[in-house]
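Let me give you the structure first, and then I'll get to my questions.
The values are calculated or read from the model by the stated rules, or taken from the named source; none is laboratory data. What you are looking at is a predicted structure, and each value in this text was computed from that prediction instead of being measured. Cβ placement follows ideal geometry from the backbone for every residue including glycine, while neighbour counts extend to all protein chains displayed.
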């Protein structure tokens, strides 16, 4: 496209912004996905920061998340088990997605579709577990957005808002993945295929990335 | 251009390695809770594992490591502004907390 792209480091930064050419030497779709993810970063950050201020300002004890999300299996009490499984599932789905992108670049359509389908299925199981977790909290523990029997009343509002918004992202991602996987299978994209799969992958990895922060701040803190 | 086309050629094993690392780091952060590590050590460990995981995902899975600096800075610099919001909100939350202790708690 131009000669400046040979430079590296800070020099490349200056040249990309100041030379008489488009700044970002990537497809517009990928750039727009990055910009969208940047804006989404701010949305999730604002949620997490609101959680921080609500928790800091709470006068009653914050519910012990380790106990709230514990599971009892065969009489053994395991803290935070479901959340740990959900974390591993999402990481695994990120791994399969990264491989799908790799195969898309190799032009291996069949493996790309298979790996994207596995990613979508893992995402679906994540949403299923979240539905289970919500049901357990609402029905058995009596957690509501305005009150709960375990401690600070703000817990429910924060929990439902943050995990709900993330769950919506995962659900949307599963639908997105299935549409793109089907199109790849049909050969809809022809030569742009690798680019489209890569953009889908960026979104999916972001969903995983957000969970890393939710896991750390909401469940472990 | 060389740097951009190189990323497509990474062998699958690269992803498997990152995946394993993420698995191990997640297990560590889970163990922090499991062994009930408390206070500052707990918070430090949680943050260390969190940032390590986030870094691996962004750098390798999202390929940002192999992008041009122009894109890397566009993505990574703006979130620094969030530190200001965190600082402001923690001051505000402290004030709310103290006000509640003064006026609302019997």
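Kindly indicate which of B:48, B:32, B:37 is outside any helix (DSSP H, G or I) and surrounded by 11 or more Cβ atoms within 10 Å (Cβ to Cβ). Lay out the reasoning, then the answer.
On the way: B:48 fails: outside any helix (DSSP H, G or I); B:32 fails: outside any helix (DSSP H, G or I).
Of the residues listed, the single one that is outside any helix (DSSP H, G or I) and surrounded by 11 or more Cβ atoms within 10 Å (Cβ to Cβ) is B:37.
Here's another thing I want to ask about it. For residue B:55, only one of the following conditions fails: (1) within 30 Å of residue A:195 (Cβ to Cβ); (2) in contact with a helix residue (DSSP H, G or I) (Cβ under 8 Å, 6 or more places away or on another chain); (3) more than 9 Å from chain A (Cβ to nearest Cβ). What is its number?
Answer for residue B:55: the failing condition is (2).
Right, something else. Within the range A:133-152, which residues are surrounded by 13 or more Cβ atoms within 10 Å (Cβ to Cβ) and either part of a loop (DSSP other than H, G, I, E, B) or in contact with a helix residue (DSSP H, G or I) (Cβ under 8 Å, 6 or more places away or on another chain) (or both)? Reasoning before the result, please.
Going residue by residue through the range A:133-152, those that are surrounded by 13 or more Cβ atoms within 10 Å (Cβ to Cβ) are A:133-134, A:136-138, A:141, A:143-145, A:147-148, A:150-152.
Correct list: A:133, A:134, A:137, A:141, A:143, A:144, A:145, A:147, A:148, A:150, A:151, A:152.
Now a separate question. Mind listing whichever residues of the range B:61-80 are closer than 29 Å to residue B:20 by Cβ, within 7 Å of another protein chain (Cβ to nearest Cβ), within 18 Å of the chain's Cα centre (by Cα) and part of a helix (DSSP H, G or I)?
Answer for the range B:61-80, where residues must be closer than 29 Å to residue B:20 by Cβ, within 7 Å of another protein chain (Cβ to nearest Cβ), within 18 Å of the chain's Cα centre (by Cα) and part of a helix (DSSP H, G or I): B:61, B:75, B:79.
Return a yes/no flag: does the range A:105-118 have any residue that is touching a helix residue (DSSP H, G or I) at 6+ places or on another chain (Cβ under 7 Å), within 16 Å of residue A:215 (Cα to Cα) and in a helix (DSSP H, G or I).
Step one: of the range A:105-118, the residues touching a helix residue (DSSP H, G or I) at 6+ places or on another chain (Cβ under 7 Å) are A:105, A:109, A:111-113, A:115-118.
Filter once more, keeping what is within 16 Å of residue A:215 (Cα to Cα): none.
No: zero hits.
Given A:46, A:91, A:85, which one is modelled with pLDDT of 90 or more, facing chain B (nearest Cβ under 8 Å), surrounded by fewer than 18 Cβ atoms within 10 Å (Cβ to Cβ) and assigned to a helix (DSSP H, G or I)?
A:46
Please identify the pairs in which a residue from the range B:1-19 that is facing chain A (nearest Cβ under 7 Å) and assigned to a loop (DSSP other than H, G, I, E, B) has its Cβ atom under 8 Å from the Cβ atom of a residue that is at pLDDT below 85 and exposed (fewer than 10 other Cβ atoms within 10 Å of the Cβ), counting only partners at least 6 apart or on another chain.
So the pair list comes out as B:1/A:1.
Condition first: crowded, with 17+ Cβ neighbours inside 10 Å and in a helix (DSSP H, G or I). Now tell me which residues in the range A:5-39 satisfy that.
Of everything in the range A:5-39, those that are crowded, with 17+ Cβ neighbours inside 10 Å and in a helix (DSSP H, G or I) turn out to be A:5, A:12, A:13, A:15, A:16, A:30, A:31, A:33, A:34, A:37.
Further question on the same structure: Among the residues of the range A:52-73, which ones are in a helix (DSSP H, G or I) and more than 10 Å from every other protein chain (Cβ to nearest Cβ)?
Filtering the range A:52-73 down to residues in a helix (DSSP H, G or I) leaves A:52-57, A:65-68.
Residues satisfying the conditions are A:67, A:68.
Further, regarding this structure: With respect to residue A:164, is the statement that it is assigned to a helix (DSSP H, G or I) and surrounded by fewer than 21 Cβ atoms within 10 Å (Cβ to Cβ) true?
Working: assigned to a helix (DSSP H, G or I): yes; surrounded by fewer than 21 Cβ atoms within 10 Å (Cβ to Cβ): yes.
Yes: the conditions hold for residue A:164.
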